[in-house]
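K.L.:
Got a structure here, written out as C-alpha cells. Questions coming.
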Amino acid sequence: MAISVIGEFKDPTELLKAAKQTRKAGYEAFDAHSPFPIHGMDDAMGLKGSILGWVVLCGGLTGCVAGFGLQAWVATEAYPLVISGKPLFSYQAFVPVTFEVTVLFSAFAAVFGMFGLNKLPQLYNRLFKHKSFSKKATSHGFFISIDSELSDDEVSIVEFLKSIGATNVSGVKE
C-alpha cells in the first residue's frame, strides 16, 4: 500500500532548508508545497530543467513546415493559378500564413505540453485527505510530502521530518 507522509514548516526559509536536507538524506520521491514560488527550490530539490522549450520548438517547426507545405502544395498542385504572370511557387506570399501557423502550433504545444508534463488534470491526490494541507496549502502553509511504496517506511519518514523541523507530521494512506 502506497503512503505519503507530510510535514508542515513555519516559513519558506525553513521549507527550503528542509528540501535540501531531504534530498541529502536520499529521498527521491518527495515534493515541496507552498502558496508561491520559492527562489532556489528547484536546486534544493535537485530538479532538472524543463523540456517544455523543446516541445514548443518542435510544435513551432511542425507548424512552420505544415503551413508552408500546405500553401506550396495548393499553389503548385491542387489549384495552380497563374495570376498576373507570377510563378506558381511564389513563396513570398506564403510568409504571413506560415508565421501565423507557426505561432498557433507553438501555442498549442506549450499548453498541451505543460498539461502533459505536469500530469494534469489530476483529479485525485491522497494529500487532499490531509486536513491541514487542504486548508493551508494555497494560502499560508509550507509542506514537504514524501511518498513511499512501503508502509513500513512511515515511522522512519515521520521521524526524519520531525528531525528537520517539521510540525504537524502525519501519514496519509490511500
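Computed from the coordinates by the stated procedures, all read-outs in this text should not be read as laboratory data. Computed from a prediction, not measured in an experiment: that's the story for all the values here. FYI the Cβ positions are ideal-geometry reconstructions off the backbone, even for glycines, and counts take in every protein chain you see.
K.L.:
If you fit an axis through the alpha-carbon atoms of helix 52-73 and take the longest principal axis of the Cα set of the chain, what angle between them do you get, 0 to 90°, nearest 10?
P.N.:
For helix 52-73, the angle is close to 20 degrees.
K.L.:
How about the stretch 95-138: which chymotrypsin sites (Phe, Trp or Tyr not before Pro) there lie in a loop by DSSP and see at most 12 other Cβ atoms within 10 Å?
P.N.:
124
K.L.:
Please give the helix 95-117 orientation as an angle from the longest Cα principal axis of the chain, in degrees from 0 to 90, rounded to the nearest 10.
P.N.:
Orientation of helix 95-117: about 20 degrees from the principal axis.
K.L.:
Something else: How many percent of Cα pairs in the stretch 52-117 exceed 14 Å?
P.N.:
60
K.L.:
While we're on this one: Scan around residue 172 for amide H atoms under 5 Å from its own, H built in the peptide plane at 1.01 Å from N, and keep only partners 5 or more places away or cross-chain.
P.N.:
Amide H neighbours of residue 172: 4, 5, 6.
K.L.:
Which of the trypsin sites (Lys or Arg not before Pro) found in the stretch 1-110 are in a DSSP loop and have at most 13 neighbouring Cβ atoms, other than their own, within 10 Å?
P.N.:
Answer by residue number: 10, 48.
K.L.:
Further question on the same structure: When only alpha-carbon atoms are used, what values of Rg and Dmax, in angstrom, describe the stretch 80-136?
P.N.:
When restricted to the Cα atoms of the stretch 80-136, Rg and Dmax are 23.9, 74 Å.
K.L.:
Between the helical axis of 12-24 and the dominant principal axis of the chain, each derived from Cα atoms, what acute angle in degrees is found, rounded to the nearest 10?
P.N.:
90
K.L.:
Can you list the trypsin sites (Lys or Arg not before Pro) in the stretch 112-146 that are in a DSSP coil and have 13 or fewer other beta carbons within 10 angstrom?
P.N.:
Filter output for the stretch 112-146: 119.
K.L.:
Sticking with this structure for a sec: Cross-link list 48/131; 48/173; 129/162: which exceed 24 angstrom alpha carbon to alpha carbon?
P.N.:
Pairs exceeding 24 Å: 48/131; 48/173.
K.L.:
Which FRET efficiency value, to the nearest 0.05, is calculated for residue 62 and residue 88 with the Förster distance at 22 angstrom and r the Cβ-Cβ distance?
P.N.:
0.35
K.L.:
What value, in deg cm²/dmol to 500, does the helix sum -39500 (n - 2.57) over DSSP H runs of n ≥ 4 give at 222 nm once divided by the residues of the chain?
P.N.:
Computed ellipticity for the chain at 222 nm equals -14500 deg cm²/dmol.
K.L.:
So, counting K/R as plus one and D/E as minus one, what does the shell of residues with Cβ under 12 Å around residue 154 add up to?
P.N.:
Combined, the nearby Lys, Arg, Asp and Glu give -4.
K.L.:
Explain nothing, just compute: Karplus ³J(HN,Hα) = 6.51 cos²θ - 1.76 cosθ + 1.60, θ = phi - 60°, for every residue of the stretch 121-134 in order, whole Hz, x for Gly and Pro.
P.N.:
For the stretch 121-134, the Karplus-derived couplings read x, 9, 7, 9, 8, 5, 5, 5, 6, 6, 4, 5, 5, 5 Hz, x marking Gly and Pro.
K.L.:
Then there's this: Near residue 119, within a Cβ-to-Cβ distance under 14 Å, what is the net charge of the other residues, with Lys and Arg +1 and Asp and Glu -1?
P.N.:
Here the count lands on -2.
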